[in-house]
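In what follows, a structure is listed as structure tokens, so that the remarks can point back to it.
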Amino acid sequence: MKLWLFLFFCTLSVRLFAQQKQVEGIVFDKDSKDRIAKVNIVNTTTGKSFYNNLKGEFTIDAQPGDLLIFMKPDHYSDTLKVQNNNAMAVYMKRSAIMLREVYIRDTALTPEKQFAATKRDFTKIYGSEYSQSLLSVAPGLGAGIGIDALYNAFSRSGRNAAKLRATIEEDYHQREIDFRFNRAFVASVTRLKDQQLTDFMQRYRPGYFLVKTATDYEFITTIKTNLRRFLRSSRKSYGLAPLVTPEVTNKETGKGE
């Protein structure tokens with residue numbers, strides 16, 4: 001009887017240990033090779049479901065043999081079987097080519113193309129050493145961190161390059177926002193003009209995450225919601241009281257001038 005209980009608890013401990021293992025990975029677009037965010041990942045074995053982060057990375061409790069389903073509205077679903085605890089690279093194919101409205105803008109290059117051109121110009125910080133070992137994973141470090149990334153993090157030249165990359169990428173994020181949240185588009189949704197349009201766009205400028213992940217319907221709905229707030233606040237008067245000029249009295253005559 002004691003031997004049976006011992007074997008039972010040993011088996012239970014092995015199962016609990018196996019469930020604690022985690023699998024890391026990154027989701028890419030199969031055609032553009034860009035990272036994809038807001039992908040719903042379901043482990044059919046455990047029944048757990050969650051979304052990956054803005055960088056396309058995910059960490060999931062899984063063990064060899066588990067089936068993972070990757071789902072996103074504008075991509076075909078993909079089902080993968082966990083083979084081991086190595087990092088996974090998932091490539092999802094678009095289900096349709098999304099056609100967007102075309103506006104005349106003051107630049108012929110999209111933000112993505114400008115960013116790619118900037119990377120080519122700054123080859124020292126965006127060279128092969130920066131992009132290699134994409135899925136090199138060390139215990140506790142997470143997906144996408146390789147030995148070159150660790151070197152860059154602790155060397156002076158690496159830190160300077162990292163600051164410049166951060167500045168360039170922040171500028172790219174702002175161009176992405178301007179590209180989608182432009183005057184022509186916002187004016188067509190809100191019907192605002194001139195100074196009112198400028199005030200609205202400055203007050204309700206969206207963040208990079210919303211611009212990159214929201215569908216056209218979600219993006220327009222957000223703008224219309226902010227428009228109602230803007231119109232309500234515009235009805236209130238925050239002007240200063242009229243300036244009153246006191247009457248000047250002539251000291252000699254005692255009469256006002």
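The values are calculated or read from the model by the stated rules, or taken from the named source; none is laboratory data. Owing to the predicted nature of the structure, the values given are computational and were not obtained by experimental measurement. Note: ideal-geometry Cβ built from the backbone for every residue, glycine included; neighbour counts use all protein chains shown. Remember, those area values only see protein heavy atoms, side chains included, never the ligands or the DNA or RNA. Shrake-Rupley method; radii C 1.70, N 1.55, O 1.52, S 1.80 Å.
Looking only at region 58-76, decide whether some residue is out of contact with any Ser or Thr (no Cβ under 7 Å at 6 or more places or on another chain), surrounded by 17 or more Cβ atoms within 10 Å (Cβ to Cβ), at pLDDT 90 or above and polar (S, T, N, Q).
Within region 58-76, not a single residue is out of contact with any Ser or Thr (no Cβ under 7 Å at 6 or more places or on another chain), surrounded by 17 or more Cβ atoms within 10 Å (Cβ to Cβ), at pLDDT 90 or above and polar (S, T, N, Q).
Considering region 37-47 alone, what residues qualify as being open to solvent by 10 Å² or more (accessible area, probe 1.4 Å) and modelled with pLDDT of 90 or more?
Answer for region 37-47, where residues must be open to solvent by 10 Å² or more (accessible area, probe 1.4 Å) and modelled with pLDDT of 90 or more: Ala37, Lys38, Asn40, Val42, Thr44.
Restricting to region 201-221, name every residue that is open to solvent by less than 60 Å² (accessible area, probe 1.4 Å) and in contact with a helix residue (DSSP H, G or I) (Cβ under 8 Å, 6 or more places away or on another chain).
Met201, Tyr204, Pro206, Gly207, Tyr208, Leu210, Val211, Ala214, Phe219, Ile220
Looking at (1) at negative phi; (2) modelled with pLDDT of 90 or more; (3) open to solvent by 80 Å² or more (accessible area, probe 1.4 Å), which is the one condition that is false for Arg156?
(2)
How many residues does region 199-223 hold that are within 15 Å of the chain's Cα centre (by Cα) and aromatic (Phe, Trp, Tyr)?
The total comes to 3.
Among the numbered criteria (1) exposed (fewer than 12 other Cβ atoms within 10 Å of the Cβ); (2) among the β-branched types (Val, Ile, Thr); (3) in contact (Cβ under 8 Å) with a residue 12 or more places away in the chain, which one does Ile168 miss?
Every listed condition holds for Ile168 apart from (1).
Please return the ranges of strands (runs of 3 or more DSSP E) entirely within region 56-98 where 2 or more residues are closer than 21 Å to Thr45 by Cα and in contact (Cβ under 8 Å) with a residue 60 or more places away in the chain.
57-61, 88-92
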